[in-house]
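Peer 1: Please read through the structure below; I'll follow up with questions.
The values are calculated or read from the model by the stated rules, or taken from the named source; none is laboratory data. On a predicted model such as this, the values are computed, not experimentally measured, just so you know. Glycine also receives a Cβ, built like all others from the backbone with ideal geometry; neighbour counts cover every protein chain displayed.
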């Protein structure tokens, strides 16, 4: 059997099929394989009919069709299935061949798998692929990491099939794909992308909630608002689809969105982001609230009982509706800035912990097109890092500093009014609380440290002594002279 294929893809669910078709469109010969081999035949007879796509009914047949170094991409469910396929592939591949995991794997698993596959003489890539089935078919955002030696062998394929964006400053057309870093860097960046996605969605939902319940707006009226917002600084894929959702009617002519049960699901990447932030000690409070808001939504039966026990008052907000809509827009924009600032804080901490050299402007470019959080806003983030690659925090960039200041009054007005009217805005609220805490030169943590020292002899530092010197006070006069050891969790 003559090796004539450029890459193989294992897994023929919608993402796998669409990536294969995308690769075929760009001139690459792909081998399709699925554990249930009848799916290979169905794919070749239908979606892949008339293409150069090849099918394989065994891993051995798949490998025999591949040019060296062989490139095999897994598009299977994250977890045990990935490890199982890696073991099977190690039995049929050779040193120098490349295994690629394109699923939503936990970055720690990717770190482990990279080391393991490299120990067998092969190369490994763990890559985030964002954009859903439409992105996979016509141009996703691709975030690869793992074995650096593998990148030159997959770069032509990945950058060809990725979404493309035009740099507003240089005019160059760039692929939304570049090498992220070693080990689990690619999947970590994808995980953070998904966490930010949770935050963006929750913020949009809170804006919708205020307009619906607070301002009494209809779905059609809100559709018009989101249509307008999508022409300005909030322009994004998520604003765009919200516009379309609000216009969609059910068979009886009423808004379909009003017929959808208000309980949200999640697949885990948002939770992983929050867990990682806790391990890193980075306060990504907005993403955390977005995750917990989905958890609250799932408590539907209890919420129904609580609504009866604690009857809400009138949620209507008085005043000029057009002005309120503009205030909500500004609150959404300011909160969005906080969410991305927190996400970048997390990636910076992870890069330091794992020794990754992340290109933060490049990440913004990768997210600028193809992915779920693609937006005009990401161009501003890229510009910030282009001007200052070592920018410590997005909130220190002049562009975002000016934006926050321009939104602050409306932001506070929206949050305070929602609180008074009993409309839950956890993401808006925590974004504002984080901002106020971040810009507060002296927080009450001095009292907290005194409390910890009082009950647990945990020690404290003093403002009139150098950092790194720790002190303990015998607060009651009856304690001992021994202090607890100092450590950070």
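Peer 1: Does residue 231 count as modelled with pLDDT of 95 or more, out of contact with any strand residue (DSSP E or B) (no Cβ under 9 Å at 6 or more places or on another chain) and closer than 17 Å to residue 132 by Cβ? Outline the logic, then answer.
Peer 2: Details: modelled with pLDDT of 95 or more: yes; out of contact with any strand residue (DSSP E or B) (no Cβ under 9 Å at 6 or more places or on another chain): yes; closer than 17 Å to residue 132 by Cβ: no.
No.
Peer 1: Of all helices (runs of 4 or more DSSP H) completely enclosed by the range 132-228, which ones contain at least 3 residues that are crowded, with 21+ Cβ neighbours inside 10 Å and under 18 Å from the mean Cα position of the chain (by Cα)? Before the answer, list the steps.
Peer 2: Numbers: elements: 132-138, 151-161, 185-209.
Those helices (runs of 4 or more DSSP H) span 185-209.
Peer 1: Right, here's the next one. Quick one: residue 103 ticks every box in (1) assigned to a loop (DSSP other than H, G, I, E, B); (2) surrounded by fewer than 22 Cβ atoms within 10 Å (Cβ to Cβ); (3) in contact (Cβ under 8 Å) with a residue 12 or more places away in the chain bar one, so which box is it?
Peer 2: (2)
Peer 1: Any chance you could count how many residues in the range 415-424 are assigned to a helix (DSSP H, G or I) and more than 16 Å from residue 339 (Cβ to Cβ)? Full working, then the answer.
Peer 2: Applying the first criterion (assigned to a helix (DSSP H, G or I)) to the range 415-424 yields 415-421.
Pick out the ones that are also more than 16 Å from residue 339 (Cβ to Cβ) and you get 416-421.
Of the residues in the range 415-424, 6 are assigned to a helix (DSSP H, G or I) and more than 16 Å from residue 339 (Cβ to Cβ).
Peer 1: Looking at the range 169-191, I want the residues that are at positive phi and in contact (Cβ under 8 Å) with a residue 40 or more places away in the chain and have a partner that is buried (at least 24 other Cβ atoms within 10 Å of the Cβ) and assigned to a strand (DSSP E or B) with Cβ atoms under 9 Å, at least 6 apart or on another chain. Which pairs are those?
Peer 2: That search, which allows pairs on different chains as well, returns 181/145; 181/146; 183/126; 183/145; 183/146.
Peer 1: Can you tell me which residue among 83, 42, 109 is within 24 Å of residue 272 (Cα to Cα), free of Cβ contacts under 8 Å to residues at least 60 places away in the same chain and assigned to a helix (DSSP H, G or I)? Walk me through it before giving the result.
Peer 2: Numbers: 42 fails: within 24 Å of residue 272 (Cα to Cα); 109 fails: free of Cβ contacts under 8 Å to residues at least 60 places away in the same chain.
The conditions single out 83.
Residue-wise test of (1) surrounded by fewer than 18 Cβ atoms within 10 Å (Cβ to Cβ); (2) not in a loop (DSSP other than H, G, I, E, B).
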residue: 386; (1), (2): yes, yes
residue: 390; (1), (2): yes, no
residue: 406; (1), (2): yes, yes
residue: 433; (1), (2): yes, yes
residue: 440; (1), (2): yes, no
residue: 443; (1), (2): yes, no
residue: 446; (1), (2): yes, yes
residue: 453; (1), (2): no, yes
residue: 462; (1), (2): yes, no
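Peer 1: Would you point out which residue out of 273, 263 is part of a loop (DSSP other than H, G, I, E, B), farther than 17 Å from residue 212 by Cβ and either touching a helix residue (DSSP H, G or I) at 6+ places or on another chain (Cβ under 6 Å) or in contact (Cβ under 8 Å) with a residue 24 or more places away in the chain (or both)?
Peer 2: Details: 273 fails: part of a loop (DSSP other than H, G, I, E, B).
Residue meeting the stated conditions: 263.
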